[in-house]
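Bear in mind these aren't lab numbers, they're just calculated from the coordinates by the rules spelled out. Keep in mind that what you see is a predicted model, and the values were worked out from it rather than measured. Neighbour counts run over all protein chains shown; Cβ positions are idealised from the backbone, glycine included.
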Amino acid sequence: MGTVTLGVSIAVPEPYGSFLQERRAGFGDPAAHGIPTHVTLLPPTEVDTSALPAVEDHLARVAAEGRPFPMRLEGTGTFRPLSPVVFVKIVEGAEECAVLQERIRVESGPCARELQFPYHPHVTIAHGIDEEAMDRAFGELKEYEAAWTITGFALYEQGADGVWRLDREYPFGSDELPDGASPVVPRQADLSRPAAPR
């Protein structure tokens, strides 16, 4: 049967996505053009190809229970020295992202997995490059701001070439929820400890 490497994320829309991707490439990050600008909900996860229908059904269920929410990016942060990552900070929408990723990784579901670090939503702009370039990324985008409304998330698959490609989009549901479902709502989340999903 074989396996595939999947990821679930919120895409950063245009014009912000391309701008941040080009800046990431400009800082010398070789992975920039293989990773669409995003907020991770499920980090790279290897699954059996036979499990794909269950994964897709699960994600559709999570999306059906979701509701649009505002997201705002502002300034930069870093996970150094724990991990060589510089990112744009999420100052609005982080709690909703935390709820979504928990629902996607629910223990009883097909995307269940442990995280290497506590979840901390962010938008990566430099990863694994030299310190001088990391400092430049941190400084040059420290005044960066962007805002939009999140209306869903997407499933991506990593190819043999290392490039992440869109597999399917999952828009949030209508006002009619499935039986027994409850909408995604903000809650107090522990976002104080750094994490380092790619």
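Details
- Coupling constants for segment 85-91 follow from the phi torsions by the Karplus curve (6.51 cos²θ - 1.76 cosθ + 1.60, θ = phi - 60°), and in residue order they are 10, 10, 9, 8, 7, 9, 9 Hz; glycine and proline get x.
- Integer Hz, Karplus 6.51/-1.76/1.60 couplings in order for segment 19-26, x for Gly and Pro: 4, 5, 5, 5, 5, 4, 5, x
- Highest-fluctuation residue, LEU141, LEU115, LEU82 considered, GNM on the chain with Cα pairs under 10 Å: LEU82
- Selection from GLY77, PRO121, THR149, by position along the positive dipole direction of the chain (Cβ): GLY77
- At 1.002 mPa s and 20 °C, Stokes diffusion of segment 1-147 via Kirkwood alpha-carbon radius, µm² per second: 132 µm²/s
- Karplus-derived 3J(HN,Hα), 6.51/-1.76/1.60, for each residue of segment 128-138, Hz, glycine and proline x: x, 9, 5, 4, 5, 5, 4, 4, 5, 4, 4
- Computed label-point distance, nm, for sites ALA51 and GLU132 using a 7 Å Cα→Cβ extension: 4.4 nm
- In terms of surrounding Cβ atoms within a 10 Å radius of their Cβ, VAL91, VAL8 rank from fewest to most as VAL91, VAL8.
- The GluC sites (Glu not before Pro) of segment 93-177 that DSSP puts in a loop, and whose beta carbon has at most 13 other beta carbons within 10 Å, are GLU107, GLU114, GLU143, GLU176.
- Using a Förster distance of 22 Å, the FRET efficiency for VAL4-PHE117 (Cβ separation, nearest 0.05): 0.40
- Ranking ILE90, LEU166, GLN101 by how far each Cα lies toward the positive end of the dipole of the chain (charges on Cβ) leaves ILE90 at the top.
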